[in-house]
Structures are given as C-alpha cells and as structure tokens.
Amino acid sequence: MQIKTSDLPGIGMKHAITTASGDNIIILTHYHGQRDIYHFDDLEDDMPTFSIELNDDEARKIGTILLGVDYQPVTEEKEECFSQEIRIHWFDVKPNSCLANMTIKEAQIRKKTGVTVLGIKREHDFIGSPDPTERILVNDKLMVTGKKDPIKRLESMCSSINLE
Amino acid sequence: MENLPELFSAGLLLIAFFCISFISLKFNIPSVLVFIILGLALVPVLAGNETIHLLAEIGIVLMFFVLGLEFSIAKILRIAKTIWVAGIMDVVFNFGGAFVLALIFKLDFLSAAIIGGIVYASSSSITAKLLEENKRLANVETEFMLALLIFEDLVSPILISFLVALNSDQNLSVGLTVLILAKVLALTLGAVVIGHYGFSKLKDFIDNYIESDFLTFLMVGIAFIYSGLAMYIGLSEILGAFLAGVMLSETGNSSELEHLLLPIRDIVLPFFFLWFGTTISFGGGVPMLPLLMILIVWSIVGKILVGTLGGKAFGLSKRPSYRAGLSLIQRGEFSVIIASIALPQLMAFSSVYIIVSAFVGVIFFQKAPALSKWLSGKHKKKA
C-alpha cells in the first residue's frame, strides 16, 4: 500500500492511498475540520467515482471503527466489554507533564490508568503502535484509547492537557 | 436616503450583503462579482463616500493579512521551489502578453502595465470555490493549480507596489526600478528578520492569551502599522499587510490567529468590491472594444500555455496539465485590486473585462475535463 501526503495550500491536507487491490482513495482534511473521502479508478481521471463529505465528529467515529476499537469480530463473552463506551483522545505533552521524557513502559500508563497509547504524533511524524521503549518527548501529541474514567484518570494524573 | 440616520442605511447595506452572499451561494455565482454590481447600482448614492473607502481599505488590508498568516517563510520557500517555473511562465505569458498587446493598441506605459496586471492573476477565491463545488479538490492537478495561485499571491503585492510607485512618478527609469526593488527587498527582509527572530518567540505568549479578548488589538495593530509603513515608503499597503501576516505566521499559531480575524475580515472585505463598483462610470460606453476582445482571447490562451508547459515542469502528465490550464481562466479579486489604481476610463474597461473573464472562466472550468480528454486524445493519434 502506498500513501502520499501533500499539502493543498489554503484548503488542507491531502492523503492519497493506493491499496494492494489497486483502489485509489484520497482523504482530504480541510482546515476547518471537514473530511472528504474520494475514490478514483485512475488518479489522473477528471472526476472521482464517488465522494463522501464527513464532518469532524463523523470522521472521528468512522475512524475509531476503522481502527477496530469500537467493533471487533469477537466471541460472545468479550462482546460485553465492547458495548461500553470506548473513546479516542489526544493529549498534548507539556514541558511540566509527568510523562515528559519517560518511556511508555516507565510511565506505566496502562498499569496506572487503564488507558492504551495508540500512537504518538511528533512534529510531522506519526508513530503508530509505539514500542514500550519509545520515549515520550515534550510537545508530543499522544493518541490514547480507553473508557471515560481511565481517560479522566490520565488527565488528572499529569498536567498534560487533553486536546479533545 | 439623506434624511435617514447613517446607521440605518449602513444596516440596509449589510442586509444587502447578506442577501447577495446567500443568493450567490445558491446560484453558484462568485459573490465578488455581485458586490461589484451592487456598487455599480449604488453609484448615485455612494460614489465618493469616505466611510466606504476607508472600510474598503481596511478590508483589503485584512484580506492580505490573513493570506500572509497562512504562509510561514518555510512554507513559501517550499511552494516556490516546486512552482517557480510555471510561475515565471505565468508572469511572462499573462502579464507580459497583455502588456505587449496593450502597447500595440497604443496605450501609455502605465496603462499597459495596469492591463498586464489585470490579466495576470487568476482568481484564487473563484477557483477554490469551483474546485470544491465540482469535486475536483482531490484531482492530481489541483496541487499544481493551488501552488500557482499562491505564486501569484506572492507576486501580486510586489507587482501592485510597482504600479503604485509608477502611478506617482510616471517615468519608468532604471533608477526608479532599482529603487522600487530595493524598497520591496528592504520591507520583505524586515518582515523575515522580525518574524524569524522576533515573532517565533511569541508562540507561548499567544498560546496563553489566545482566549483573551484583547489579542485582536495586537494583530490588527501590527497589520495596520506594517501596511502604513509600506505606504509611507511609496509601496502598496497590500504588500505591507501580506508581510505582516507572514511575520505573525512565524509564531506557529496561524490557525488560531486566523480564527480571530476571519469575522472582521468577512464583514469588511465586501466593502472593497462594493467601493470598486462605485468608482466605475460607464459615461462613454465600453471603450476599446477590440482590445477587450483580444485580451479575453489571450486570457484563455495564456493560461492554457501556463497549464500545459508549467504543468509538465511541475510533473503532471498531459491530460491533467490541460485540465489545469483550462481551469485557471477566471480572473477576479486580484484584477479588481489592480484595476482600482487605474484611471476612471480604464476602470470601466477593466470591470467589463473582469466580469466577462470570470464568466468565461467558469464555463471553461466545467468543460475542462472534456476538452483535456479531446486534446490529449488528439496528441495520442499524432504519435
């Protein structure tokens, strides 16, 4: 799969994805939060085969579904757990945060709060499914998932600011 | 109208703006054009109105300030690097071509230069709207088109400064050119230095006070000061406003700052186009009809050339390049801005040109996919 990122000045960010089966999907993230999804048979075509407009809220919910957080093909007993609300949050790691400069393992985020770190956004990079040995730096944006209370716990535990 | 309180008439005007914007949205007409027409219609009432003129000036300063905010120095350099070939072609074909054509029709140097400026820049706002409505934002040539429009956004303030300086001193000598270039360079360098070494340190300050209600004073104050400075040294306030925006984008808080300013900009900007409309007088009918028609044709040819040759340099293949060239024909707000410097007779000419080119541009935009398919198919057969 190929992903190409480009900046559409004045409009937003464009991600062009070509899947293994040859589909071309383009996701446009507007500055004002709207997401567009386009499908092209051939990238040089005049028009997409279809396009979908999603507002910020819709995009995030669909995103969590695609991440496999909200729904996973599981056995019946595990299904009970997933019926409770699981969310995705972004945390900004400020200089005075207790998470700064610790590795994920050292910070013991999951042990202490029950929240899982899905990814770290650093400058223009995104580290998905980070190693426990990955060090959390100041100005990182942590993408975490968990239920409402664990997320609150993480928020109050450190002076990291919840960007949601 | 004279006996009604000014507040009342102002309110009526703003409601008219609301109606125009709404109708333009529903009927897919560029609202810029309708505002000009409203100004034209209100000439008997509003011509020479000082308040409208002041609001118009504030509107245009804020427009370029917000534009500059979107572009940090690093971003400008990044975009310029990819698009400069097409950008230069754009200047040569569209500005140069129109300039030469105007000279052939025996216009004086300054008027020819103004016509060159009017024909030069495609309308960023109309193009962006067309791309969005026609679902072509994700097309492969869109990045090229947007980058070219930005290059034009960068060249236009400098071009306008030249024209403004020329306007006050009619003789273009080598000395004057060098002087103007030196002033532009000085103003730009000033902005770069202050932005890079000064404003970049302000990120935390702005972060902390972004929720306050007084940050706007700082923003607009800086915009006005730098614009005024530009005017003081004989350049256009537009260049100053744009550079002020670039300076502030170095803080890294561009999007939040933009949100602060957009409401003010949105209220004041239409006054510019309204004011432009009030300055037009069709006293002698439309002058220079032959030149007008030739310029319209050249407007189409010039942009197709830029799309085809420039697009290739950018890395596009044939069909997307044709699509790009055919979709950039509409002129709009920049041409209006340049035309506002012109003499009254030239203004009537310019406004007709702008309205016609916007209309023609929209048609070509819709037909671009079909036309580009035909053009590239033709080439295939030749090979």
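The values are calculated or read from the model by the stated rules, or taken from the named source; none is laboratory data. Here the structure is a predicted model, which means the values were calculated and not measured. In this analysis, Cβ positions are derived from the backbone assuming ideal geometry, glycine residues included, and neighbour counts consider all displayed protein chains.
Quick look at the values:
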read-out	value
Counted residues, the range B:364-383 - those being within 24 Å of B:LEU131 (Cα to Cα), at pLDDT below 90 and either more than 14 Å from chain A (Cβ to nearest Cβ) or buried (at least 23 other Cβ atoms within 10 Å of the Cβ) (or both)	1
Residue count, the range A:7-32 (criterion: farther than 19 Å from B:SER255 by Cβ, of a type in the set (Gly, Ala, Ser) and within 11 Å of chain B (Cβ to nearest Cβ))	1
The listed residue being within 30 Å of B:VAL193 (Cβ to Cβ), surrounded by 16 or more Cβ atoms within 10 Å (Cβ to Cβ) and away from chain A (no Cβ under 14 Å), out of B:PHE93, B:PHE65, B:PHE71, B:PHE99	B:PHE65
Among residues of the range A:34-67, those that are buried (at least 17 other Cβ atoms within 10 Å of the Cβ), away from chain B (no Cβ under 14 Å) and charged (D, E, K, R), counted	0
Unmet requirement for B:HIS196, which otherwise passes all of (1) of a type outside the set (S, T, N, Q); (2) farther than 19 Å from B:PHE64 by Cα; (3) more than 23 Å from the chain's Cα centre (by Cα); (4) exposed (fewer than 14 other Cβ atoms within 10 Å of the Cβ)	(4)
Members of the range A:128-164 found to be in a loop (DSSP other than H, G, I, E, B), at pLDDT 80 or above and closer than 16 Å to A:SER97 by Cβ, listed by number	A:GLU134, A:ILE136, A:LEU137, A:VAL138, A:ASN139, A:ASP140
Matching residues in the range B:91-109 - criterion: being at pLDDT below 90 and assigned to a helix (DSSP H, G or I)	B:PHE109
Residues being of a type outside the set (Ser, Thr, Tyr) and either in contact with a Pro (Cβ under 8 Å, 6 or more places away or on another chain) or assigned to a strand (DSSP E or B) (or both) - total across the range A:1-56	29
Hits in the range B:146-174 - residues which are assigned to a helix (DSSP H, G or I) and among the acidic types (Asp, Glu)	B:GLU152, B:ASP153
Test: residue in the range B:203-221 that is buried (at least 19 other Cβ atoms within 10 Å of the Cβ), within 23 Å of the chain's Cα centre (by Cα) and more than 22 Å from A:TYR31 (Cβ to Cβ)	no
Residue list for the range B:146-179, filter: more than 14 Å from chain A (Cβ to nearest Cβ), under 19 Å from the mean Cα position of the chain (by Cα) and of a type in the set (A, V, I, L, M, F, W, C)	B:VAL155, B:ILE158, B:LEU159, B:ILE160, B:PHE162, B:LEU163, B:VAL164, B:ALA165
Set B:THR188, B:THR142: member being within 14 Å of chain A (Cβ to nearest Cβ) and not small (Gly, Ala, Ser)	B:THR142
Criterion violated by B:LYS106 - all others in (1) away from chain A (no Cβ under 13 Å); (2) touching a Pro at 6+ places or on another chain (Cβ under 9 Å); (3) basic (Lys, Arg) satisfied	(2)
B:ALA112 being surrounded by 15 or more Cβ atoms within 10 Å (Cβ to Cβ) and part of a helix (DSSP H, G or I)	yes
Selection within the range B:140-151 - touching a Lys or Arg at 6+ places or on another chain (Cβ under 7 Å) and buried (at least 24 other Cβ atoms within 10 Å of the Cβ)	B:GLU141
Residue list for the range B:38-51, filter: surrounded by fewer than 22 Cβ atoms within 10 Å (Cβ to Cβ), part of a helix (DSSP H, G or I) and touching a residue at least 60 places away in the same chain (Cβ under 8 Å)	B:LEU38, B:LEU40, B:ALA41, B:VAL43, B:LEU46
Count of residues meeting criterion [surrounded by 14 or more Cβ atoms within 10 Å (Cβ to Cβ) and over 12 Å from the mean Cα position of the chain (by Cα)] in the range A:117-128	1
The range B:74-90, subset crowded, with 16+ Cβ neighbours inside 10 Å and within 11 Å of chain A (Cβ to nearest Cβ), residue farthest from the chain's Cα centre (by Cα)	B:THR82
Filter result for the condition that a residue is among the aromatic types (Phe, Trp, Tyr) and surrounded by 13 or more Cβ atoms within 10 Å (Cβ to Cβ), over B:PHE35, B:PHE22, B:PHE8, B:PHE27	B:PHE35
Residues of the range A:98-116 satisfying the condition of being farther than 15 Å from A:ASN139 by Cβ and either of a type in the set (Phe, Trp, Tyr) or crowded, with 20+ Cβ neighbours inside 10 Å (or both)	A:ILE104, A:ALA107, A:ILE109, A:THR113, A:VAL115
Those residues of the range B:116-145 which are assigned to a loop (DSSP other than H, G, I, E, B) and over 18 Å from the mean Cα position of the chain (by Cα), in sequence order	B:ASN134, B:LYS135, B:ARG136, B:LEU137, B:ALA138, B:ASN139, B:VAL140, B:GLU141
